[in-house]
Structures are given as structure tokens and as C-alpha cells.
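Scroll down for the structure; my scribbles are underneath it.
The values are calculated or read from the model by the stated rules, or taken from the named source; none is laboratory data. Given the structure is predicted, the values throughout are model-derived calculations rather than measurements. Counting neighbours? That spans all protein chains shown, and the Cβs are built from the backbone with ideal geometry, glycine included. Heavy atoms of the whole protein, side chains included, go into the accessibility calculation; ligands, DNA and RNA do not. Shrake-Rupley method; radii C 1.70, N 1.55, O 1.52, S 1.80 Å.
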Amino acid sequence: QVQLVESGGGLVQAGGSLRLSCAASGRTFSNGAMAWFRQAPGKEREFVARISWTTRITRYADSVKGRFTISRDNAKNTVYLQMNSLKPEDSAVYYCAADSRPWVITAAEYNYWGQGTQVTVSS
């Protein structure tokens with residue numbers, strides 16, 4: 001099993017920044033992918049960003065391109081999401097996800113999830 005613990009959420013004004021962290025423990029894998037998803041009240045969980053554990057190839061949702069940056073520290077088994085120029089519509093619970101298969105894309109495909117961290121952006 002893999003345990004994922006997110007941290008770094010909070011309340012910030014529009015235009016501000018936050019950095020989310022996701023620490024992985026337990027059965028870690030040398031390959032695979034980690035990603036961030038978010039879910040606002042009444043909405044479906046949506047993809048935000050992903051990173052390959054070995055190649056560092058990243059992918060972003062159009063809504064966050066140029067504002068968010070995903071990165072990872074293999075030595076710490078931690079993935080980060082740097083969020084800049086935050087907007088009220090970025091408010092959501094942010095979830096970290098991981099899987100040993102590097103090709104997974106959709107939320108349904110990820111096997112491991114964190115408990116989520118709340119991000120609230122005030123206007």
C-alpha cells in the first residue's frame with residue numbers, strides 16, 4: 001500500500017500563491033506517475049497536473065497552465081504543486097494521486113489517493 005498525505009492548503013487572496021505538498025510513504029515505486037486533482041462543491045473531480053516519476057514529463061490542465069507548476073523530490077518521495085496567480089475559481093479540495101503505471105491519466109485510473117487539502121481563494 002501507498003499512503004499519501006497532502007499539506008499546504010489554506011485561505012489566500014486572489015493573485016496570491018500557495019504550495020501544496022504530497023508526501024508518499026509505504027510501498028513506493030521507482031516508476032509511475034503522481035498527479036493533482038481538485039474537486040469543488042457540486043462538481044466532478046478534475047485533473048490539474050501530473051508528473052512522471054522517472055522522466056519528469058509534466059502535463060497540465062488548460063485552466064492552470066502558466067500559473068501552476070508540479071515538481072517532485074524523489075529523495076523525499078514528495079510531489080509539490082506551486083500555485084501562483086490564484087483565482088477564486090481555483091477554490092477546491094486538492095487531492096494527490098499516485099499509481100505505479102506511468103501512463104495513467106484519468107482519476108478513475110489512479111489507485112492511491114490522499115485525503116485532500118482545502119484551498120480557498122477569496123476575491
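A few points about this structure:
- Of all lysines in the structure, those lying under 20 Å Cα to Cα from Lys65, and not within fewer than 8 positions of it along the same chain, are Lys87.
- Across the chain, the relative contact order, built from alpha-carbon pairs under 8 Å that are at least six residues apart, equals 36 percent.
- Loop trypsin sites (Lys or Arg not before Pro), the range 10-50, which have at most 11 other Cβ atoms in a 10 Å radius of their Cβ (DSSP): Arg27, Lys43
- Summed over all non-identical Cα pairs, the Kirkwood treatment of the chain gives a radius of 14.2 Å.
- Translational D in µm²/s for the range 78-123 (Stokes-Einstein at 25 °C, 0.890 mPa s, Kirkwood Rh from C-alpha pairs): 199
- Size of charge dipole - the range 2-85 - debye, nearest 20, with Cβ of Lys, Arg +1 and Asp, Glu -1, no other charges: 140
- Surface share of carbon and sulfur [accessible, 1.4 angstrom probe, percent] for the chain: 48
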